[in-house]
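Have a look at the structure below, then the notes.
Nothing in this text is a laboratory measurement; each read-out follows from the coordinates by a stated rule. Just so it is clear, the structure is predicted and the values come from calculations on it, not from any experiment. No Cβ is skipped: glycine too gets one built from the backbone with ideal geometry, and neighbour counts run over all protein chains shown.
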Amino acid sequence: MSPRIGYAINIGDSFGFWPRAGLTYVNYDGDEELGLTLEGQFFASPAAHFAFTFGPALDLGVVGDGREGKSIGVLTFGVLGWI
């Protein structure tokens, strides 16, 4: 489970910045972990209700036995659509 909260900031008609933060909960066979996630995603929307996302992501394990540890995504990519 990895809920996020953020706000999309339009830079132009089809480009913007979408900073997000959230918590990640993982359960590995009874070993529970909690992590903090920070993302600074840019988005490009070539058509209505469709966008590509790209940008850095950082995951830090804050509670647990350390399996999750630290993860830095120098450049992550995504595709999304909405109604």
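Loop by DSSP (not H, G, I, E, B), at most 10 other beta-carbon atoms within 10 Å: where is the longest site-free stretch of the chain for chymotrypsin sites (Phe, Trp or Tyr not before Pro)? Spell out each step's value before the answer.
Numbers: sites that count: 7, 82.
In the chain, the maximal stretch lacking such sites is 8-81.
Placing +1 on each Lys and Arg Cβ and -1 on each Asp and Glu Cβ, with no other charges, gives the chain a dipole about its Cα centre of roughly 380 debye.
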